[in-house]
1. Go ahead and run the numbers for FRET between Asn45 and Leu79, Cβ-Cβ distance against an R0 of 41 Å, rounding to 0.05.
2. What is the local net charge at Lys39, summed over the other residues whose Cβ is closer than 13 Å to its Cβ (Lys, Arg +1; Asp, Glu -1)?
3. Given the Cα-Cα distance of Lys53 and Leu35 and 0.36 nm per residue of separation, how much length would full extension add, in nm?
4. Among the lysines, which fall within straight-line cross-link reach of Lys19, defined as a Cα-Cα distance under 21 Å, with same-chain neighbours fewer than 8 residues apart omitted?
5. Give me the net charge of Asn90's neighbourhood, meaning all other residues with Cβ under 14 Å from the Cβ of Asn90; Lys, Arg count +1, Asp, Glu -1.
6. Determine ³J(HN,Hα), in whole Hz, for all residues of the stretch 22-29 in sequence, where each value follows from phi through the Karplus function 6.51 cos²θ - 1.76 cosθ + 1.60 and θ = phi - 60°; x replaces Gly and Pro.
7. How many percent of the alpha carbon pairs in the stretch 41-130 exceed a separation of 17 Å?
8. What are the residues whose amide H is under 5 Å from the amide H of Phe38, where those residues sit 5 or more places off or on another chain and H is modelled from the backbone?
Amino acid sequence: MGLHDWKNLDSEHFGDIDKIVEFCKQFHATSDDVLKAFKRKENINKEEAAALKNLDKFIIGLTLVELKKFLRFVTGSALKPKQILVEFSNDEHRPIKARTCSSLLYIPLNVKYNKFRRDFMKIISDEMNQDMTRKLSHDQQ
């Protein structure tokens, strides 16, 4: 079949456009999908509970575009995640970081929500964090 032969396929192959749109929607994440994907430790202390509350509040407040950027930062994909592991960080230099290969997110402890949100928005708004093809400076040595 040639490139231009797609027009000759009947609706049996693709269905109507509404069916295609509905099929695709199942892969797009909502904030509820992301919150459900978080895998959290069961026994947590007060500081960890406060950090998770910051994360939940942050996710709920994101627009769809921001949510996709968040997912690309954490998982490497803007599609609905199966699972995101959440760990806690005491790293003062990079308190928020992610490992896309394992969908692992590190969030800081003992940070007020406004600072948490500001720092996270800076990260997901940075184009470098969205470009998976760009080499990081420490990889160029």
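Every read-out reported here was derived from the displayed coordinates using simple, explicitly stated rules and does not represent laboratory data. All of these numbers come straight from a predicted model, not from anything done at the bench. Counting neighbours? That spans all protein chains shown, and the Cβs are built from the backbone with ideal geometry, glycine included.
1. After rounding to 0.05, the efficiency reads 0.80.
2. Local charge sum for Lys39: +2.
3. Gain on stretching Lys53 to Leu35: 5.4 nm.
4. Lys7, Lys80
5. Working: positive: Arg94, Lys97; negative: Glu47, Glu48, Glu87, Asp91, Glu92.
Once all neighbours under 14 Å are counted, the net charge is -3.
6. 4, 4, 5, 4, 5, 9, 8, 7
7. When every Cα pair of the stretch 41-130 is considered, 45 percent fall beyond 17 Å.
8. Placed amide hydrogens put Ile84 under 5 Å from Phe38.
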